[in-house]
Amino acid sequence: MTEISAIKQGGIIIASAAIDKKLQILTIKIKSTMSKVSFIPQGDRVLVEPASAEEKTSGGIIIPDTAKEKPQKGTVVAIGPGKKKDEPMTVKVGDNVLYGKYAGTEITIDGTEYLIMRQDDIFGNF
């Protein structure tokens with residue numbers, strides 16, 4: 001018999017699982033970006049939190065801030081309802097996506113940088 005329960009306290013989820021009469025308590029820290037963002041995009045727009053830029057090259061050279069390339073991947077934080085009823089949104093909140101180098105518009109919400117773009121600007125998810 002497996003019994004699992006979870007309690008959310010701030011950004012931490014405390015989960016307990018009783019498996020074969022043994023109780024195991026797990027503490028998992030999660031980044032809950034959806035709870036921080038109260039922004040809902042309109043139409044087929046998607047709110048993406050870009051991944052951080054690379055700090056070092058594969059050879060170990062530290063890249064200065066002025067030479068860092070703009071990241072082309074990120075995590076979907078919020079999605080709109082879709083453009084039309086016959087064209088549903090294909091991405092979901094939490095998806096890791098790849099997008100074009102100059103896709104979207106940079107916006108700041110509560111001190112965090114985001115990109116808002118159309119679903120068509122996303123090449124795919126992984």
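Return the residues of region 53-97 that are within 11 Å of residue 119 (Cα to Cα) and touching a Leu at 6+ places or on another chain (Cβ under 9 Å); say none if nothing qualifies. Matches in region 53-97: 76, 79, 80.
You will find that of 115, 98, the residue that is free of Cβ contacts under 8 Å to residues at least 40 places away in the same chain, surrounded by 12 or more Cβ atoms within 10 Å (Cβ to Cβ) and part of a strand (DSSP E or B) is 98 and no other. Tell me, please, whether a residue that is surrounded by fewer than 11 Cβ atoms within 10 Å (Cβ to Cβ), free of Cβ contacts under 8 Å to residues at least 60 places away in the same chain, part of a strand (DSSP E or B) and of a type in the set (A, V, I, L, M, F, W, C) can be found in region 79-86. The answer is no; no qualifying residue exists. For region 84-126, taking the residues that are hydroxyl-bearing (Ser, Thr, Tyr) and closer than 23 Å to residue 69 by Cα, the one that is farthest from the chain's Cα centre (by Cα) is identified as 102.
Would you confirm whether or not region 35-42 contains a residue that is surrounded by 10 or more Cβ atoms within 10 Å (Cβ to Cβ), at pLDDT 90 or above, assigned by TED's automatic domain parsing to the domain that holds residue 102 and in a strand (DSSP E or B)? No, that holds for no residue. Considering the conditions (1) at pLDDT below 90; (2) surrounded by 11 or more Cβ atoms within 10 Å (Cβ to Cβ), residue 60 is excluded by exactly one of them, (2).
Collect the residues in region 60-82 that are touching a strand residue (DSSP E or B) at 6+ places or on another chain (Cβ under 7 Å) and β-branched (Val, Ile, Thr), keeping them in residue-number order. Within region 60-82, 62, 63, 75, 76, 77, 79 meet the criteria.
The values are calculated or read from the model by the stated rules, or taken from the named source; none is laboratory data. Predicted model only: the values in this text are computed from it and were never measured. With ideal geometry, Cβ positions are generated from the backbone for all residues, glycine too; neighbour counts draw on all protein chains shown.
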